[in-house]
Amino acid sequence: MKKIIYAICTLGFIFITSCVQKTTNQTITFELNVIGIPHIKTVEIRIDNEAIDWEKEMEMKPIIKDSLYSLTLTGKTGYLFTEVKFKINGEYELKELPNRKVFFDKSGTTLFKSTFNKIN
């Protein structure tokens, strides 16, 4: 009887510990090309990734005003990708289309370049 209980406990421990998803540190830089869009007041990105608690809109900063905007984030995640949508002056891009998928580089550093309202 002791052997059966020991075997069940061992299998239970193996099962519980094998279900834990490995997390990694990720640094992601988003670059958004906005050339040709007039009267830009705000550029934002909505990132959906519950593991990193990024599920909110964040303001992007201009690298070149009215041309190129950027945002860099660092966090820990067990996910292999996240989903994003960009916003200019409160208007989302790619309406009626799914979010953009950003796959994390295995190195832990990802650069995602995109053009507003264009599928890359």
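The values are calculated or read from the model by the stated rules, or taken from the named source; none is laboratory data. What you see is a predicted model; the values in this text were computed from it and never measured. A quick note on method: Cβ atoms are made from the backbone with ideal geometry, for glycine too, and the neighbour counts reach across all protein chains shown.
Pick from region 52-69 the residues that are out of contact with any Ser or Thr (no Cβ under 9 Å at 6 or more places or on another chain) and in a loop (DSSP other than H, G, I, E, B): which of them is modelled with the highest pLDDT?
SER67
Looking at LYS41, is it within 23 Å of the chain's Cα centre (by Cα), surrounded by fewer than 10 Cβ atoms within 10 Å (Cβ to Cβ), at pLDDT 80 or above and part of a loop (DSSP other than H, G, I, E, B)?
no
For region 100-120, which residues satisfy the criterion of being surrounded by 12 or more Cβ atoms within 10 Å (Cβ to Cβ) and either touching an Asp or Glu at 6+ places or on another chain (Cβ under 9 Å) or of a type in the set (Ser, Thr, Tyr) (or both)?
Residues satisfying the conditions are ARG100, VAL102, THR109, THR110, LEU111, PHE112, LYS113, SER114, THR115, PHE116, ASN117.
Could you list, in sequence order, all residues of region 70-120 that are aliphatic (A, V, I, L, M), part of a loop (DSSP other than H, G, I, E, B) and farther than 17 Å from VAL43 by Cα?
Correct list: LEU80, LEU97, ILE119.
For region 78-102, which positions are in contact (Cβ under 8 Å) with a residue 24 or more places away in the chain and charged (D, E, K, R)?
GLU83, LYS85, LYS87, GLU93
Determine whether region 5-14 contains at least one residue that is at pLDDT 90 or above and surrounded by 10 or more Cβ atoms within 10 Å (Cβ to Cβ).
no
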